[in-house]
Amino acid sequence: MVPEVMEALRLSRSKVYDLIRSRQLESFTIGRSRRIAADSLRTFITQQIEEAA
């Protein structure tokens, strides 16, 4: 869920949705709820670490 990603990355809600809109962070919708798979979050973090190196 977005709030969990916000906490994990220490980002605002709008920044998390910006990452989703720009397709940097993969997500899917169930009903009206936006979900982010744990694997997608791990992939995003790994990519950010690799870019910073």
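The values are calculated or read from the model by the stated rules, or taken from the named source; none is laboratory data. None of these values were measured; they are calculated from a predicted model. Backbone-built Cβ (ideal geometry, glycine too); neighbour counts: all protein chains shown. For accessibility, only protein heavy atoms count, side chains too; no ligands or nucleic acids. Shrake-Rupley method; radii C 1.70, N 1.55, O 1.52, S 1.80 Å.
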Q.
Looking only at residues that are in a helix (DSSP H, G or I) and of a type in the set (D, E, K, R) in the range 11-30, which one is least open to solvent (accessible area, probe 1.4 Å)?
A. Asp18
(Q) Of the conditions (1) part of a helix (DSSP H, G or I); (2) open to solvent by less than 70 Å² (accessible area, probe 1.4 Å); (3) modelled with pLDDT of 95 or more, Ala8 satisfies every one except a single condition; which number is it? (A) (3)
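If a residue has to be among the charged types (D, E, K, R), without any contact (Cβ under 8 Å) to a residue 12 or more places away in the chain and either touching a Ser or Thr at 6+ places or on another chain (Cβ under 7 Å) or closer than 15 Å to Gln47 by Cβ (or both) to count, how many in the range 14-33 make the cut?
1
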Q: Starting from residues that are surrounded by fewer than 12 Cβ atoms within 10 Å (Cβ to Cβ) and hydrophobic (A, V, I, L, M, F, W, C), keep the ones in the range 43-53 and report whichever is farthest from the chain's Cα centre (by Cα).
A: Ala53
(Q) So, in the range 31-42, how many residues would count as being surrounded by fewer than 14 Cβ atoms within 10 Å (Cβ to Cβ) and either outside any strand (DSSP E or B) or of a type in the set (Asp, Glu) (or both)? (A) 6
